[in-house]
Structures are given as C-alpha cells and as structure tokens.
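A.B. asks: The structure follows.
The values are calculated or read from the model by the stated rules, or taken from the named source; none is laboratory data. Quick caveat, the model's predicted, so the values are computed rather than measured. Methodologically, a virtual Cβ is constructed for each residue, glycine included, from the backbone with ideal geometry; neighbour enumeration extends over all protein chains shown.
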Amino acid sequence: MMTQLRDLRHYYLDLPLWACGCRTSGRWSRMRDYLEPDAAPFEAGIRYLYSSCGKTIGQAELDQAVERALQIKAARESDAFACLGSGSLSPRYEIEGLEHLQAAMIHKRPIMLLTGHIGSFYTVSVALAQAGITASSLARSVAPSNPYPRRSFEHTNYFLTGRRMKGDWIYTNYAGKLDRRLVSVCREGGMLVVLLDLPRSLFPAGRWPVNFLGRPSSLTGRTVELGLKYNALFLTAWNTIQVESGYGFRRCLRIEPQLADEGGVDGILQQYADRLTSLVSREPWQWMAAPVAAQFNEGGANE
C-alpha cells in the first residue's frame with residue numbers, strides 16, 4: 001500500500017508540479033529518491049556506450065551523466081501534464097530542420113519519421129501539431145503486467161498527449177500485433193512517428209541485422225517494410241531535452257535530412273542505426289534505452 005501511495009504521489013503530484021515549473025531542490029530530492037533504482041542501470045549503460053565508442057569516462061563525469069539522464073527522464077514523464085491547458089509545451093521548445101520535413105511533404109507520399117527513446121519521444125507529434133503538421137505515433141500498448149499506478153499513468157500520458165496531437169496514437173502490443181490503422185495512415189499518404197530502438201529481448205518479432213554501436217545487432221523493421229510497400233519517404237528525428245541550471249530544461253526536436261532509399265529495409269535501418277549511434281556517442285544521457293544498451297550486442301559477450 002505504501003509503495004502504491006509513493007508511486008501515485010510521484011506520478012500525480014510531483015510530475016504535474018514539475019511540468020508547470022514548481023522545481024525546487026526539495027521536490028527534486030524526493031523525485032531523485034524515487035528514481036534511484038534507475039541510477040545503477042543508467043550508469044552501467046552509459047559506461048557501456050562510452051566503451052562501445054572507444055572512449056573512457058571518469059567517475060565524476062559518469063555521475064554527472066547519470067544525473068542528467070535522471071533529470072531527462074523526469075522531464076520526459078512530466079510531458080503528459082505539460083500538454084494541459086493551452087496545449088503549448090513550452091515557449092522554450094525548438095524545432096530544427098523543419099525544412100527537411102517540408103521538402104518531403106511536397107511529394108504527397110507517406111512519411112515515416114524514424115526516431116527512438118531519445119529525450120521525450122512522447123511529444124514529437126505534439127510539437128509537429130504546434131507547427132500545423134498532422135502526425136500519428138506508433139507506440140506499444142500499456143503492459144497489463146505493470147503495477148496499477150504505472151498503468152494508470154501510462155494511460156493518462158497517452159490520453160493527454162493524444163489530445164494535443166493532430167494525429168493519433170497507434171498501438172502495437174507486446175506480441176508484435178499492429179493496429180490496422182497503421183496501414184490506413186500509409187494508404188492515405190499520412191505521416192507516422194516510429195520508434196525502432198527496441199532490443200530483441202523486448203521485441204523479438206520482425207528483426208533485420210544491422211551494425212549498431214559498433215557491433216552486430218538487429219532492429220525491428222516491419223514498419224519500414226510496410227512504408228516501402230506504400231512508397232513512403234523516411235527521415236530521422238530526435239526529440240532531445242537539454243538540462244539547465246536550476247532544474248530548468250528545454251526541448252529540441254531535430255529533424256534530419258531524408259534517408260536514401262537504396263538497399264531496401266536493410267539500407268534504411270543501417271542509416272538509422274548509424275545516425276542513432278552518432279547521437280548516443282555524443283550525448284548518451286539522452287538515450288532512455290541506455291540501461292539496456294548491452295542487449296543490442298548480438299555478436300558476442302556483453303562488456
């Protein structure tokens with residue numbers, strides 16, 4: 001009972017207040033306490049990412065990276081409540097590279113924005129809606145095995161962010177079954193935001209081999225395969241959160257140039273893997289999948 005009350009306080013008191021700017025050192029101390037179980041996995045994951053890139057990291061720098069990752073996680077989860085009111089996430093939300101997306105939209109073809117668990121993937125479609133662009137987002141349905149407070153929060157998150165999107169949330173379940181609305185978006189020449197950075201242990205279906213983080217790996221590619229079937233264009237986009245002093249933060253959706261369509265699913269996934277590798281090698285604390293980074297290594301023993 002006490003655990004559930006602690007969970008509910010975090011999700012429905014601290015996160016909403018954090019979203020609206022009530023960010024005191026006392027509140028962060030309590031939220032940091034709540035997030036403490038994530039600290040060790042982030043530390044191991046960030047150390048692994050540095051090693052994958054041939055870099056070394058000292059303990060002080062590693063501690064700072066973990067602290068950034070935890071603050072980014074808090075900001076990301078507070079996004080559900082940041083979408084209340086007027087629907088404006090923040091006056092400090094930047095969109096870079098919008099011209100790349102606008103150039104693709106001229107062709108009147110389906111568009112897939114390939115992204116990952118970078119910063120806050122929840123609000124990519126919300127940010128695009130604020131720029132007048134309709135985009136639906138593909139996400140996994142809420143896991144029935146999660147504790148009640150977490151399930152309740154995830155449903156709340158999808159509901160509140162969904163109200164501010166011009167498209168819809170489209171779900172895939174944990175067995176890999178896709179919502180048929182995904183096909184409708186492609187047929188109608190719509191835009192879809194797709195996360196591809198799930199390790200085989202979490203999403204075993206429809207994998208394609210890639211080189212990722214400098215090692216043999218694989219990524220899920222069924223949505224890419226579907227996009228190619230409907231003559232879609234593919235771009236990458238990353239929704240980062242930059243932590244500032246005084247517990248402030250600002251979001252930036254960076255849209256990158258269109259991916260070359262040579263090489264089919266394999267070619268597109270490898271380009272995606274290369275771009276994600278480049279990003280996480282620079283800012284590993286942005287990757288919310290860092291705690292499971294070693295699971296992407298399918299070529300040998302984990303380090």
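A.B. asks: Answer yes or no: is there a residue in the range 223-232 that is among the polar types (S, T, N, Q) and more than 19 Å from the chain's Cα centre (by Cα).
C.D. replies: Yes - at least one qualifying residue is present in the range 223-232.
A.B. asks: Please go through (1) within 25 Å of Pro149 (Cα to Cα); (2) at pLDDT below 95; (3) surrounded by 15 or more Cβ atoms within 10 Å (Cβ to Cβ); (4) not acidic (Asp, Glu) for Arg32 and return the number of the only condition it doesn't satisfy.
C.D. replies: Every listed condition holds for Arg32 apart from (2).
A.B. asks: In the range 1-39, which residues are touching a residue at least 24 places away in the same chain (Cβ under 8 Å) and in contact with a Leu (Cβ under 7 Å, 6 or more places away or on another chain)?
C.D. replies: Passing the criteria: Arg32, Leu35, Asp38, Ala39.
A.B. asks: Let me ask something else about it. Given (1) without any contact (Cβ under 8 Å) to a residue 12 or more places away in the chain; (2) under 30 Å from Gly227 (Cα atoms), identify the lone condition not met by Ile95.
C.D. replies: Checking Ile95 against (1) without any contact (Cβ under 8 Å) to a residue 12 or more places away in the chain; (2) under 30 Å from Gly227 (Cα atoms), the one that fails is (1).
A.B. asks: Can you report the number of residues in the range 40-61 which are in a helix (DSSP H, G or I), surrounded by fewer than 16 Cβ atoms within 10 Å (Cβ to Cβ) and either free of Cβ contacts under 8 Å to residues at least 60 places away in the same chain or touching a Phe, Trp or Tyr at 6+ places or on another chain (Cβ under 9 Å) (or both)?
C.D. replies: Counting residues in the range 40-61 that are in a helix (DSSP H, G or I), surrounded by fewer than 16 Cβ atoms within 10 Å (Cβ to Cβ) and either free of Cβ contacts under 8 Å to residues at least 60 places away in the same chain or touching a Phe, Trp or Tyr at 6+ places or on another chain (Cβ under 9 Å) (or both) gives 4.
A.B. asks: Assuming Gly263 fulfils every condition listed in (1) surrounded by fewer than 19 Cβ atoms within 10 Å (Cβ to Cβ); (2) modelled with pLDDT of 95 or more apart from one, which condition is it?
C.D. replies: Among (1) surrounded by fewer than 19 Cβ atoms within 10 Å (Cβ to Cβ); (2) modelled with pLDDT of 95 or more, Gly263 violates only (2).
A.B. asks: If I ask for residues that are in contact (Cβ under 8 Å) with a residue 12 or more places away in the chain and in a loop (DSSP other than H, G, I, E, B), which ones from the range 227-272 would you list?
C.D. replies: Listed by number, the residues that qualify are Tyr230, Asn231, Ala232, Gly248, Leu259, Asp261.
Quick grid of which residues meet (1) charged (D, E, K, R); (2) assigned to a loop (DSSP other than H, G, I, E, B):
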residue	(1), (2)
Pro144	no, yes
Asn157	no, no
Met165	no, yes
Val193	no, no
Arg200	yes, yes
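A.B. asks: Could I ask something else about it? Small (Gly, Ala, Ser) and either within 17 Å of the chain's Cα centre (by Cα) or at pLDDT 95 or above (or both): does that describe Ser217?
C.D. replies: When the stated conditions are applied, Ser217 passes them.
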